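A.B. asks: Here it is, the structure, as structure tokens.
Values quoted throughout were computed directly from the atomic coordinates according to the rules given, and no laboratory measurement underlies them. The shown structure was predicted, so the numbers you read here are calculated from the model rather than taken from an experiment. Cβ placement follows ideal geometry from the backbone for every residue including glycine, while neighbour counts extend to all protein chains displayed.
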């Protein structure tokens with residue numbers, strides 16, 4: 001559905017911008033943007049998050065269990081060597097989005113599949129940005145947590161714009177719908193543009209989660225989690241009374 005080309009240099013979420021890219025990243029991104037335009041794709045910058053946790057086997061001989069651990073022990077566990085036994089959880093997603101005009105976009109966390117990350121093997125042998133090993137205690141074995149954070153150029157076909165955003169939920173489509181309903185020239189929408197926006201709105205409504213009952217509401221009125229998210233406490237009370245804004 002999309003590809004995320006990892007950049008070479010490290011960038012913080014606050015420092016991520018097309019204008020702030022360094023050397024090879026700047027040149028490579030320029031080529032990717034041109035290729036995306038020719039292939040009728042859209043391109044954004046984002047931060048790829050790869051997080052893993054599970055069971056581990058420490059590479060050192062286990063010490064006797066101590067109820068209290070010093071700060072030095074905790075620091076040692078952060079850099080301890082270990083072998084992964086099983087990965088129980090491995091969320092992968094992209095957030096901190098910026099569009100081709102270098103403006104922040106509120107897409108939220110869009111999931112990322114393994115085969116959507118390029119170039120292949122880019123993180124092979126690369127130490128994680130954060131890593132922690134928790135020593136075995138009682139009946140529980142040792143466990144680990146580690147994460148990678150890399151800036152990337154994320155590209156997908158323009159015709160699949162809504163499909164990609166819906167991977168993060170209906171709320172992620174709102175920035176795109178707002179963009180389509182507010183032309184940069186402030187002119188009136190053409191009939192074609194209205195049709196595109198209406199089609200997107202239908203996709204958004206179809207992607208809303210099924211309504212859930214909220215027991216704390218005095219009136220018996222079901223509202224969806226999406227409605228609750230964008231409405232806030234006051235809005236939820238109004239929705240419960242049947243008043244939609």
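A.B. asks: Three principal axis extents, largest first, for the C-alpha atoms of the stretch 143-208, in Å?
C.D. replies: Taking max minus min along each principal axis of the Cα atoms, the stretch 143-208 gives 57, 27, 19 Å.
A.B. asks: With N set to the residue count of the stretch 3-166, report its C-alpha Rg divided by 2.2 N^0.38 Å to two decimal places.
C.D. replies: Values: Rg = 19.3 Å, N = 164, 2.2 N^0.38 = 15.3 Å.
The stretch 3-166 yields a ratio of 1.26.
A.B. asks: Can you give the extra length, in nm with one decimal, that the chain gains between residue 114 and residue 208 once fully stretched, where that is 0.36 nm per residue apart less the Cα-Cα distance? Don't jump to the answer; show the numbers that get you there.
C.D. replies: Values: separation 94, 0.36 × 94 = 33.84 nm, distance 2.62 nm.
Length gained between residue 114 and residue 208: 31.2 nm.
A.B. asks: Which FRET efficiency value, to the nearest 0.05, is calculated for residue 88 and residue 14 with the Förster distance at 30 angstrom and r the Cβ-Cβ distance? Working shown, then result.
C.D. replies: Numbers: r = 32 Å, r/R0 = 1.05.
Efficiency computed from Cβ-Cβ geometry: 0.45.
A.B. asks: Taking 8 Å as the Cα distance limit and 6 or more residues as the minimum spacing, I'd like the relative contact order of the stretch 3-166 as a percentage.
C.D. replies: Working: 286 pairs, mean separation 62.8, N = 164.
For the stretch 3-166, the relative contact order is 38 percent.
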